[in-house]
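The values are calculated or read from the model by the stated rules, or taken from the named source; none is laboratory data. From a predicted model like this one, the values you see are computed outputs, not experimental measurements. Using ideal geometry, Cβ is built from the backbone for each residue, glycine included, and neighbour counts are taken over all protein chains shown. Side chains included, ligands, DNA and RNA excluded: accessible areas come from the protein's heavy atoms. Shrake-Rupley method; radii C 1.70, N 1.55, O 1.52, S 1.80 Å.
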Amino acid sequence: MKKIWKFLSSMKFAVALLILLAAACALSSLVEQGLTREAYAARYGESMANVLLALQVNDAYHSIWFIALSGFLCLNLILCSVIRFPFFLRRYRREKTAGCRAIGLWGAWVCHLGILLLIAGFALGQMTLRETTVWGIPGDTRRMEETGLDITIDDFRTETREDASVAQYVTDITVTDPATGKTEKASVSVNWPAEVGGFHLYQNNTGPAARAVVTRNGSETQRKTLLPQQSMAESVLGLEDRPEYAFYFAGIRTMREEGQEDRTLYLYDLYKNGILEQSYYFFGEGSVEIGEDRITFTPETFTLLVAREDRFAPLAFIGGVITLAGLAMAFYLQPKKKETYHAER
Amino acid sequence: MQNAENILFTVSMAGYFAAMALYFLFIAMKKEKTAKIAGWVQTDALLLHTAALVLRGIEAGRLPMTNQYEFATCFAWALCLVSLIFMRKYRFNVLGAFAMPVVFLMMGYAAMQSRDIKPLMPALQSGWLAFHVSTAIIAYGAFGVSAALGAIFLMRGRMKEEGFLARHIPDADRVDQIAYRSVCLGFLFLTITIITGAIWAERAWGSYWSWDPKETWSLVTWIIYAVYLHLRLRRGWKGKAAAVFAVIGFICVIFTYIGVNTFLPGIHSYA
């Protein structure tokens with residue numbers, strides 16, 4: 001048993017783990033993560049796809065073997081830090097008594113402690129991470145899952161410079177707590193997240209969308225924001241009073257004609273009882289009539305906000321700073337006279 | 001102003017080439033004066049290069065560190081600066097013959113990239129950019145010097161002790177020690193690079209670590225040098241093995257910088 005503990009706390013074991021982790025990271029970075037089985041088969045062939053999936057290389061950084069390697073590294077760090085603590089203390093006291101600058105002797109120990117905190121912060125953060133998304137166009141109100149708060153997108157704008165390059169994406173929101181009726185306004189842009197209900201809200205994505213409004217005899221009966229070529233929930237408009245009909249937002253195309261500016265074409269497919277009945281193409285806004293219902297499609301730009309709550313990110317950050325401090329101490333604050341752990345042992 | 005920057009860049013690149021040639025001549029002709037001239041040429045080229053970077057920074061209205069061209073030229077600048085500091089500090093002119101080819105190659109790589117000054121995309125508009133990229137440049141420069149020293153160490157082993165070159169290269173232990181110091185500097189700055197990058201990524205992308213290929217390869221590089229330091233400090237691993245390791249580490253650095261952008265696209269596509 002003693003031999004096992006000694007091995008688990010040894011530097012030989014640490015170096016082996018580091019080399020294995022480096023090799024695992026390097027190899028996993030060569031394989032695109034999170035694809036479907038079919039996608040791997042198309043890229044690497046059937047048998048290779050089977051091997052990749054069996055070895056969990058498709059999600060390498062969350063695989064059992066990667067977590068096990070990281071776990072063993074943590075165990076090694078804990079054991080070697082605990083076992084070596086008396087040695088560091090003894091050496092520090094001796095150097096201090098001799099009047100030497102001894103703080104640097106703690107460098108390696110502090111560095112290992114920092115790495116341990118960093119890995120712990122990252123692992124705990126991954127385990128307890130709460131993440132959700134909120135998307136829509138100005139005027140939309142969505143419930144932010146996990147918090148129960150309602151987010152109304154007041155405005156979304158793409159700020160541009162004189163040369164037409166994008167300077168910033170900005171989403172203005174109103175956060176409403178349905179329980180208390182309390183509202184709060186916030187602005188989210190790239191590099192400037194907002195804090196909402198304990199979550200950080202990040203400006204993540206944008207793209208084309210369409211607002212579909214159904215009217216009957218001039219009165220609005222239905223309204224939905226559609227995203228192109230997404231899931232049923234996001235790109236299909238089912239007519240509430242005519243369940244046999246559904247519109248699918250099939251995407252956009254850029255039309256380029258010589259001597260003219262690019263124009264964007266919006267494509268919508270009308271399905272009746274699940275069978276494609278007709279396709280519609282509009283430059284900008286367009287309408288379709290089905291009986292007394294008029295469906296108007298208006299081009300819009302959607303904004304996607306990602307909400308994340310990682311309560312252990314500060315721990316990882318503290319770990320990083322401690323690691324850095326440990327390295328600086330170990331490299332530049334060593335006493336003049338050096339001695340190694342092995343030499344004393 | 002871009003014309004002036006282009007001229008300064010080209011002249012400094014020619015200067016680096018001349019310095020490299022002079023260092024080679026110093027080794028071939030065994031004349032100490034040649035090394036002295038090479039040192040002056042290198043210093044002058046570095047000053048011109050600095051002026052080119054300053055001009056670009058003024059014209060762009062930001063630090064010139066945001067695309068492949070700018071990073072490559074800054075990388076060459078840092079490698080040249082760090083090698084010059086080490087050469088002066090340790091009176092070690094032969095280092096120039098090993099560092100300058102890498103500086104020149106990096107300038108050549110920069111010259112092949114687009115030099116257009118483009119406005120920053122929203123994700124790059126952050127105060128963390130300066131910290132993250134400048135520390136990466138210093139780290140890469142220091143690792144470049146350690147690799148050059150590793151190569152010198154390996155070459156020194158095949159030299160006669162009494163020869164001209166042997167007189168101009170510190171003894172093996174000293175070369176080994178300088179290479180170690182260079183790795184320490186690079187490792188410290190690479191750690192700062194990774195930490196500042198994580199803080200910035202958290203603000204820009206919402207996650208401080210996403211296993212993006214650039215992040216992953218930075219970690220791989222960090223681990224490789226961590227292994228080097230462990231083996232060296234705890235196992236007394238010095239000499240040839242350490243020199244080989246320093247060269248391998250730098251190959252990994254180059255892959256992280258150029259290889260990842262070429263073969264493994266990710267969210268770091270601009271760097």
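Taking every residue in B:205-212 and counting other chain Cβ atoms within 10 Å of its Cβ, the average works out to 6.
If you average 1/r across every pair of different Cα atoms in the range A:109-223 and take the reciprocal, what Kirkwood value do you get, in Å? Could you put the intermediate results ahead of the total?
Values: mean 1/r = 0.0580 Å⁻¹.
Kirkwood hydrodynamic radius for the range A:109-223: 17.2 Å.
Amide H contacts of residue B:63: none lie under 5 Å away among residues 5 or more positions distant or on a separate chain (H built 1.01 Å from N in the peptide plane; Pro and chain starts excluded).
Comparing A:151, A:19, A:137 in a Gaussian network model of chain A where C-alpha atoms under 10 Å apart are linked, the largest mean-square fluctuation is found at A:19. Here each label is just a point 7 Å from Cα along the line to Cβ, and for residue A:311 and residue A:65 those points are 3.4 nm apart. Between residue B:248 and residue B:28, the simple label model (points 7 Å from Cα in the Cβ direction) yields a spacing of 3.4 nm. Report the residues of the range A:183-210 in range of a label on residue A:157: point 7 Å along Cα→C-beta, backbone N strictly under 16 Å from it. What the label zone holds, given the 16 Å backbone N cut-off, is A:186-190. In the range A:208-302, the convex hull through the Cα atoms has an average projected area of 6.5 nm², a quarter of its surface area. Would you look at the GNM of chain B, springs on alpha carbons closer than 10 Å, and say which of B:45, B:148, B:21 moves the most? Its mean-square fluctuation being the largest, the pick is B:21.
3J(HN,Hα) along the range B:204-215, derived from phi through the Karplus expression 6.51 cos²θ - 1.76 cosθ + 1.60 where θ = phi - 60°, amounts to 7, 10, x, 9, 7, 8, 10, 6, 5, x, 5, 4 Hz, with x in place of Gly and Pro.
Taking trypsin sites (Lys or Arg not before Pro) across the range A:158-196, the ones in a DSSP loop with at most 13 further Cβ atoms lying within 10 angstrom of their Cβ are A:161.
For the range A:310-321, backbone phi angles converted through the Karplus equation (6.51, -1.76, 1.60; θ = phi - 60°) give residue-by-residue couplings of 10, 6, 9, 4, x, 5, 4, 5, 4, x, x, 5 Hz, Gly and Pro being listed as x. Between the range B:121-142 and the range A:295-309, how many Å separate their Cα centres? For the range B:121-142 versus the range A:295-309, the Cα centre distance is 32 Å. Seen from all directions on average, chain A presents a Cα convex hull projection of 29.6 nm².
Amide H contacts of residue A:154 (H built 1.01 Å from N, in plane; Pro and chain starts excluded): A:139, A:172, A:173, A:174 sit under 5 Å, all sequence-distant by 5 or more or on other chains. First select every other residue whose beta carbon is under 14 angstrom from the beta carbon of residue B:205; then total the charges, Lys and Arg +1, Asp and Glu -1. Net charge around residue B:205: -2. Suppose we look only past 33 Å in the calculated P(r) of chain B. What percent of the Cα-Cα pairs does that tail hold? Looking at chain B, the distances longer than 33 Å represent 22 percent of pairs.
Can you pull the percent of the protein assembly as shown's accessible area that's carbon plus sulfur, 1.4 Å probe, other chains left in place? Write down the numbers at each step before the final one.
Details: 18120 of 29830 Å².
Carbon plus sulfur share of accessible area: 61 percent.
Both the radius of gyration and Dmax for the protein assembly as shown are 29.7, 103 Å, in that order, over alpha-carbon atoms.
May I ask you to derive the FRET efficiency for residue A:78 and residue B:237 from their Cβ-Cβ distance with R0 = 22 Å, giving the value to the nearest 0.05? Present the calculation step by step, with values, prior to reporting the outcome.
Working: r = 25 Å, r/R0 = 1.11.
E between residue A:78 and residue B:237, to the nearest 0.05, is 0.35.
Answer rounded, prolate or oblate for the range B:114-231, using the Cα gyration tensor with square roots of eigenvalues a ≥ b ≥ c: rounded when a/c is under 1.5, else prolate when a/b is larger than b/c, else oblate.
Numbers: a/c = 3.54, a/b = 2.27, b/c = 1.56.
Taking the square roots of the gyration eigenvalues as a ≥ b ≥ c, the range B:114-231 is prolate.
In terms of its Cα atoms, the range B:34-169 spans 59, 26, 25 Å along the principal axes, sorted from long to short.
Projecting the Cα atoms of A:98, B:114, B:139 onto the dipole axis of the protein assembly as shown, where Lys and Arg carry +1 and Asp and Glu carry -1 at the beta carbon, places A:98 farthest toward the positive end.
Modelled spin-label separation between residue A:292 and residue A:103, with each label point placed 7 Å from Cα along the Cα-to-Cβ direction: 8.4 nm. Comparing Cα centroids, the range A:237-275 and the range B:25-45 end up 70 angstrom apart. Computed from the C-beta positions of residue A:1 and residue B:59, the FRET efficiency with R₀ = 51 Å rounds to 0.15. Other residues within the sphere of radius under 15 Å centred on the Cβ of residue A:294, judged by their own Cβ, net out at -2 (K and R +1, D and E -1).
Karplus-derived 3J(HN,Hα) values for the range B:119-134, using 6.51 cos²θ - 1.76 cosθ + 1.60 with θ = phi - 60°, are x, 6, 6, x, 4, 8, 7, 8, x, 6, 3, 4, 5, 4, 6, 5 Hz; glycine and proline are entered as x. Taking amide H positions as modeled 1.01 Å from N, with prolines and chain starts lacking one, the residues under 5 Å from residue A:167 and 5 or more places away or on another chain are A:159, A:160, A:161.
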